[in-house]
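Let me begin by presenting the structure, written as structure tokens, before commenting on it.
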Amino acid sequence: MRPKRVLVMGIVNVTPDSFSGDGIMAAEAAVAHGLALAREGADILDVGGESTRPGHQPVADGEEMRRILPVVEALAGLGLKVSIDTTKRAVAAAALAAGARMVNDVWGLQRSPELAGLAAEHRAELVVMHNQEGTHYGQDLMAEIKRSLRESLRLAEAAGQPLERTWVDPGIGFGKLAFHNVEVLRRLAELHELGQPILLGASRKSFLERVFGQPLSMRAWGTAATVAAGVLRGVSMVRVHDVKEMLAVVRVAEALRQP
């Protein structure tokens, strides 16, 4: 079921190698950052302990849990809604036991299909994102993305995860070249064919520099454009670093989109 208003997901990276330069290794500092994002208006906090940037170093289950569990426990313990950004079953299970209420899987169940059953067991929400090895697509980029997301939804439903608690994410920056990301943003409305609420995560992504020449220090401006475009095309949640600023963009764009 789509929320009545567009939600804002704030990013809490408990990593040393975040692409956006906002990684925080100390749990206490990560909790403080999450609280600050909540005060700025974040509806949900997405906590991740492993970078997904190109060329990132894989993190063992135990290390990822060591990073994220104190943060999830603290934020959830304060009554905040927490999402766990992971592809690992053990990490997701520990985070859900610690109070997380959403699993955000950047491989859309196609590497770890067991995450769907885990989300179902905990009555948690689930995000399935489009991703792939390599950046080759056929004649119709969005047709291939939709085909992959339909498979992710099939896996979720087969594992008992209700589709009314499942989101789709087109995967800006994942398995795509810079111009692919622009095309996806232009054609976001096509994802409504899937019948699921859409999460958009384009915040500070490198295509803003590769296509539009915006260095990291300026990418909040490009992010604002992607957020406005996403809201006008009907997304139901945006995943962002700059919560206060992007919340203002969301509310204006909501007022401007056609009923």
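No value in this document is a laboratory result; all are computed from the given coordinates. Here the structure is a predicted model, which is why all the values come from computation and not from measurement. Cβ: placed from backbone, ideal geometry, glycine included. Neighbour counts: every protein chain shown.
Miscellaneous remarks
- Proximity of backbone amide H atoms, modeled 1.01 Å from N, is registered between residue 7 and 237, 238 at under 5 Å, excluding neighbours fewer than 5 places apart on the same chain.
- Order of 154, 219 - criterion: other Cβ atoms within 10 Å of each residue's Cβ, fewest first: 154, 219
- For the range 145-195 versus the range 210-241, the inter-centroid distance based on Cα atoms is 18 Å.
- ³J(HN,Hα), Karplus 6.51/-1.76/1.60, whole Hz, each residue of the range 243-259, x for Gly, Pro: 5, 4, 5, 6, 5, 5, 5, 4, 5, 5, 4, 4, 5, 8, 7, 6, x
- Projected label distance in nm at residue 257 and residue 151, using a 7 Å step from Cα toward the beta-carbon: 2.8
- Gyration tensor verdict on the range 176-222 (Cα atoms; rounded if a/c is under 1.5, prolate if a/b is larger than b/c, oblate otherwise): prolate
- From phi via Karplus (6.51, -1.76, 1.60), per-residue ³J(HN,Hα) for the range 129-136 in Hz, x at Gly/Pro: 9, 6, 7, 7, 6, x, 10, 8
- Cβ-based charge dipole, the chain, positive-most Cα from 227, 84, 74: 227
- By the count of neighbouring beta-carbon atoms within 10 Å, fewest first, 43, 140, 242, 85 end up ordered 140, 43, 242, 85.
- Per residue, the average separation of C-alpha pairs within less than 8 Å and at least 6 apart gives the range 7-254 a relative contact order of 17 percent.
- Of 4/176; 4/205; 81/146; 88/244; 205/244, those spanning more than 24 Å from alpha-carbon to alpha-carbon: 4/176; 4/205; 81/146; 88/244
- Using the Karplus relation 6.51 cos²θ - 1.76 cosθ + 1.60 with θ = phi - 60°, the per-residue 3J(HN,Hα) values for the range 80-95 come to 8, 7, 10, 10, 10, 9, 7, 10, 9, 4, 4, 5, 4, 4, 5, 5 Hz, with x marking Gly and Pro.
- Our helix-only sum for the chain, with -39,500 (n - 2.57) per DSSP H run of n ≥ 4 divided by its residues, gives a mean residue ellipticity at 222 nm of -13000 deg cm²/dmol.
- Under a 5 Å amide H cut-off, with hydrogens placed 1.01 Å from N, residue 130 pairs with 169, 171 among residues at least 5 apart or on other chains.
- At an R0 of 25 angstrom, the distance between the Cβ atoms of residue 123 and residue 90 translates into a FRET efficiency of 0.80.
- With each label modelled as a point 7 angstrom along the Cα→C-beta vector, the residue 25-residue 225 pair spans 3.6 nm.
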